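One structure is given below, encoded as C-alpha cells.
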Amino acid sequence: MISRRERHALGATCVLAVAVPLGLARHLDVEVQDGLVPALARATGQPVAVGGVEADLTGTLRLRDVVVGDLLRADAIEAAVSLDSILAGELAPDEIRVRGPRVRAHIAADGSSDWHALLAHTAAHVGRRRGDHADREPRSGRRLHRVVVSGGDLVADLGGARVTVRDVELHPQAGGVRVVTGAVMLTAAVGPYQLRGELSRVGADVGLPRLTVDRVVAVGGRAEVRGPNVGMRAAALDVVRDRAGGVWRVTAEVDDRGAPRRLELALQRTGGAIALMVTGDHVPLAVVGPVLPAGLDLERAHASGTATLARAAGAGAPTLARADLTLDGAWIDHAAIADAPLALDGELAFDVTIGGGRIDARHLRLRRAGLDLTASGWIRRAGRRVIATDTTVTLAPGDCRGLIDAVPAPLRGPLDELVVRGTLAGRAHLAFDLDDPGADGVDLALDLDPDTCVVVADPPAADPRTLAAAAEHTFPDGHRAMVGPGIGDWVSLDELPAHLRGAFVAAEDARFWDHDGFDLAQIAKSLEVDLRERRFARGGSTISQQLVKNAFLDQRRTLVRKLQEAVLTWRLEAVLDKRAILARYLNVIELGPGVFGIGAAARHWFGKPAEKLGVREAAFLAALTPAPRTIGGRVLRHRGLDPETAERVAVVLRAMRRAGVIDPDTARAAAADHLTFRPAAIGR
C-alpha cells in the first residue's frame, strides 16, 4: 500500500511533470517571439519566423517550423539546454539538432553566395554585441559541442551545378566548424556534359564566416560523365585537402570497358589563379571528344602521363598548358590530311601559353616510330583563322626507313616498298603576317639534305626509271594506255619548237631548269594565297611534282599525298635528267576534257601537229594547265576564246617574254594574233 504521504508526493511530481513544462513552454514562447526571433532577425539580417516552442524537463528546447529568409526552413530545431541555464535566462546548448531542413545556397562564379552575406552580417553583429558587453562576465562556461542535421537535405546551387548533402554534423571549433556528413551528391552541366557524382562520407574543416573549405577528406565516391554519344564512369573516388590553401587531390578508378584505370587530379586555387594537373595511366579519352576539333576520333584512344593547365588571376590572363603524354588508339580523319583515318599513336610533349588570340610554344615534341619532331615559335589567330606565325620545326636525326614507317602503313602508298638506308635530319622555318602590309609575304626556309638517304631499291609501282621508256600510264579519267617514244601521239622534245616547250615552263615552273624538283619561293607564294583564301587555291607544284602526281599518285590534295609526292619527286630528279622529265610531262598532261598530251591537244584544238603550233597557240595550251576541263568547257560554251581565258593567255605570253622564251616583238605579234580553233573542238 502507498502511504498518504507518498500519494501526495506522487501527485506533486505528476503536476510538476505536466505543469512545469507547460508553464515553461508558455514562458519560452513569449520569450522566443518577443525576444529571440527579433534578435535572430537582427543578427542574420534576414526575416525570421518560429511556429512554436516546446520544452521538457530533460533540457530540450524545441523550436517548430523555423524559417530564416529564403535560405533555411526546418521542421524543428532542438537545443539540449540544462534547466538551470533556462531558469537563469541563458540559452547555452550543448547540442543542437535540426530536423527536416530545406536549405538553399546560391553560389556565384566568383565564389560569393547569399550565405556569405548572412554569415558576414551575423559575425559583425556578434562582434558589436561582444564589444558592448565586454565588461560583463559570462554567466556560463558552456560550449556548443555539435549540430546534427537529419531528415532533410542541404542544397547548394552553383550556377549549372547542385550539391546535396545528407546527415550533417557540425562541430564548432576555433575559427569555424568541423563538418561531418553522410552522402554528398553532385549534379552539374558543363558545356555538352552532364555530371553526376556521389561521396559516401565527407569530413571537412570550414572557416567562418567566409565558408572556406580549409581541410577535407571525402571517401567512397563514384561519378559518371555523359556527353553527346559518350560516357565515362569512375569508382573508388576520394577527395583530400590536407590544409587551408593546400592542393585539392582527387583519385579515382576510371572504367575502361571493365578494366579500372588510375586517374589523379591535383587542383590548386590561389585567389583568382588556378592550376589543374591530371595524371593517368592508359586513361580512356573518348569522353573529351565532343569538345575537340572535328576529325579527331578518340573512341578507343588512351593516354598515359601528365597534363597541366594553369591560368593566372585577372581578366584575360593567358592559360599555360603543359603535357608529357603517350597516346595510343587516337585517329585523325580529315580530308585535308589524308583520305583515310591517320593514327596518332606516339609520344606528345608540349609547353604552350594561350591567350589574347596567340599561342606561344616554347616546346612541342612529337615522337612516333622513327620520327622525332620538335617545334617552337608562336601563332596568332583571328577566330579560327591563322593570320601570323614565326615557327621553327626541327627533325632530329633518324633512320630514313624509320621516318617512312612513322606514317601508318595504309597511308604510305608506293613508299611502303621503298628500300632505303642512311640518316636524315633537318630544319624548316615559316614566318608570315597577313595583317602587316609591310611584311614580305611568306618566309619559308628549308635546311634538309635528302641525299643523306641512300636508295637501295625504288618501289616497283613508282619507279621513276619507267618514265624514261614506254610504260603503261593511268590517266585522271581512269583509262590506261601505253605511253612512250614511238607510241600513239608521243612527241619527242627535239621535235617541239622552243616557244612551245618554253610556254609550259614559263607558265608552270619558271625555275624548272635550275631547281632540284622543288621551288620554295613558289611554295611560299602558294601558301600565302591558300592562307588568305582559307582553301587550297594555288598549287605551287613544279613540273617534276606534277609528273609524279600524274604518273604514280591519285589526284587527292592531302598532306599525306604531298608527302608521297615529295619523296617520289626527289627520286625522279635523282634518276632522270630534266629533258626526260619535261618530255614525259608534256606527253601525259591533260589539256582539255579527255585530251591528254601535247600531240593530242594540238590536233584536238587546232587540227595540226604540235610541231606546227604558233606562239599564241602554244600560250593557249599552256594556259589550260591549271584547270583543263573547266577552261576547255568554258571555251566550248563560248564557241571560241572567252574574255577570261583570253586574259589567261595574255598572262602566259607575258611570262614567256619575261623568261626570254620570246622577244618583245614576238610577244606583241602573238597578242594580236587570232586563234583559229578546229570547228569540232568548239562545237561548230
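Laboratory data are not the source of any read-out in this text; all were calculated from the coordinates shown. A quick note: this is a predicted structure, and the numbers were derived from the prediction, not measured. Every residue, glycine among them, receives a Cβ derived from its backbone with ideal geometry; neighbour counts consider all protein chains shown.
Values as computed for the structure displayed
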{"item": "Simple label model, 7 Å out from Cα along Cβ direction - Lys562 to Asp451, nm", "result": "2.6"}
{"item": "Region 463-682: C-alpha gyration tensor shape, a/c 1.5 cut-off, then a/b vs b/c", "result": "rounded"}
{"item": "Segment Thr326-His479, length gained on full extension (0.36 nm per residue, minus Cα span)", "result": "50.5 nm"}
{"item": "Footprinting exposure proxy for Leu559, Leu493, Leu348, Leu467 (fewest neighbouring C-beta atoms within 10 Å first)", "result": "Leu559, Leu493, Leu348, Leu467"}
{"item": "14 Å reach of a label modelled at His282, 7 Å along Cα-to-Cβ, counting backbone N of region 345-365", "result": "none"}
{"item": "Sorted by Cβ density within 10 Å, fewest first, the residues Asp205, Asp351, Asp449", "result": "Asp449, Asp351, Asp205"}
{"item": "Added length on full extension, which subtracts the Cα-Cα distance from 0.36 nm per residue, Thr60 to Ala680", "result": "212.1 nm"}
{"item": "Neighbour cut-off at most 14 other Cβ (10 Å), DSSP loop, trypsin sites (Lys or Arg not before Pro), region 258-300", "result": "Arg300"}
{"item": "Spin-label pair Asp390/Glu198, simplified geometry with 7 Å Cα→Cβ offset, distance in nm", "result": "5.7"}
{"item": "Distance (nanometres) between label positions extended 7 Å along Cα→Cβ at Ala471 and Ala336", "result": "3.3"}
{"item": "Relative contact order, percent, region 463-682 [alpha-carbon distance under 8 Å, six or more residues apart]", "result": "23"}
{"item": "Neighbour-count order for Trp331, Trp490, Trp513, fewest beta carbons within 10 angstrom listed first", "result": "Trp513, Trp331, Trp490"}
{"item": "Within region 251-338: Cβ-based charge dipole about Cα centre, in debye rounded to nearest 20 (Lys, Arg +1; Asp, Glu -1)", "result": "380"}
{"item": "Separation between Cα centres of region 460-481 and region 227-247, rounded to whole Å", "result": "60"}
{"item": "Förster radius 30 Å - calculated FRET efficiency between Arg42 and Val213, Cβ distance, rounded to 0.05", "result": "0.55"}
{"item": "Extension reserve of the Ala236-Glu647 stretch, reckoned as 0.36 nm per residue once the Cα distance is removed", "result": "140.7 nm"}
{"item": "Residue (of Gln555, Val567, Met656) at the positive-pole extreme of region 463-682, dipole from beta-carbon charges", "result": "Gln555"}
